[in-house]
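The values are calculated or read from the model by the stated rules, or taken from the named source; none is laboratory data. Keep in mind the model is a prediction, meaning the values are calculated, not measured. Please note: Cβ atoms are built from the backbone with ideal geometry, for glycine as well, and neighbour counts cover all protein chains shown. Surface areas here come from the heavy atoms of the whole protein model, side chains and all, with no ligands, DNA or RNA. Shrake-Rupley method; radii C 1.70, N 1.55, O 1.52, S 1.80 Å.
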Amino acid sequence: KNQVEQSPQSLIILEGKNCTLQCNYTVSPFSNLRWYKQDTGRGPVSLTIMTFSENTKSNRRYTATLDADTKQSSLHITASQLSDSASYICVVSAGEGDNDMRFGAGTRLTVKP
Amino acid sequence: EPEVTQTPSHQVTQMGQEVILRCVPISNHLYFYWYRQILGQKVEFLVSFYNNEISEKSEIFDDQFSVERPDGSNFTLKIRSTKLEDSAMYFCASSSSEATEAFFGQGTRLTVV
């Protein structure tokens, strides 16, 4: 069964600290992996999209890694800010079809002052 | 910055009534999507639309659902006879191609009473 599992389920950190969120997937075949940030009650906002050949990708304070062999991805947030408080969702595409997109349950990050 | 806009932001309807959720995708995008997110649960794919027809749909997208692009800018989701379990956030998204990031709207919160 194609699954996307994220950990931790929730995380609380202090402002200025770094954190790493994990995504493990069993989706196969693999097309791409995306990380989204979703503020409460708002639509997801894309952070990165990674294909099979990409191991790491950075977007401002976000760095995503991908290990297609172990089927793991991580999202590292550097120097966290209060505005980083949100759910971070890992989405894996199994193929070219849209119905093949598998959403993780997300990691709820809270950044405290 | 171009964005996907959705209206209304909140819709309350009685069970059995028809609702139409409206979306204006980003103007040069060609692929359009509807997703839903039941409170506290994962985002779920409903349907994708390209070249004026449905390209894919999930099991959730049954005969009660339909989509339409009535003009060059709007993309609508109709639920013919709402059920209590249709209560959710409905997100519209668009992308310029299948492989590029999808931009999400802010969502319509549908409450069926």
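Under the convention that each Lys and Arg Cβ holds +1 and each Asp and Glu Cβ holds -1, the size of the dipole of chain B around its Cα centre is about 320 debye.
Based on a Kirkwood Rh over C-alpha pairs, give the Stokes-Einstein translational diffusion coefficient of the protein assembly as shown at 20 °C and viscosity 1.002 mPa s in µm²/s.
119
Potential lengthening of the chain between A:Asn59 and A:Thr20 amounts to 12.6 nm, from the contour at 0.36 nm per residue minus the alpha-carbon distance.
Which percent of the accessible area of region A:33-81 is formed by carbon and sulfur heavy atoms (probe 1.4 angstrom)? That fraction is 49 percent.
Pairs exceeding 32 Å between alpha-carbon atoms, taken from A:Lys112/B:Lys42; A:Lys57/B:Lys83; A:Lys17/B:Lys57; A:Lys112/B:Lys78; A:Lys37/B:Lys78: A:Lys57/B:Lys83; A:Lys17/B:Lys57; A:Lys112/B:Lys78.
How many square angstrom of accessible surface are buried between A and B, both sides summed, with a 1.4 Å probe and rounding to 100?
Using a 1.4 Å probe on protein heavy atoms, the buried area is about 1700 Å².
Classification of region B:6-55 by its C-alpha gyration tensor yields a prolate form. The axis ratio a/c (a ≥ b ≥ c) is 1.5 or more, and a/b outweighs b/c. Computed with a 1.4 Å probe over protein heavy atoms only, the accessible surface of the protein assembly as shown comes to 49 Å² per residue. With Cα atoms as the point set, chain B shows a radius of gyration and Dmax of 13.1, 38 Å. Shape of chain A from the C-alpha gyration tensor: prolate (a/c of 1.5 or more and a/b above b/c, with a ≥ b ≥ c the square roots of its eigenvalues). Surface composition of chain B: carbon and sulfur make up 46 percent of the accessible area, probe 1.4 Å. Legend: mean number of C-beta atoms from other chains within 10 angstrom of residue C-beta atoms, peptide B:27-36, equals 1.
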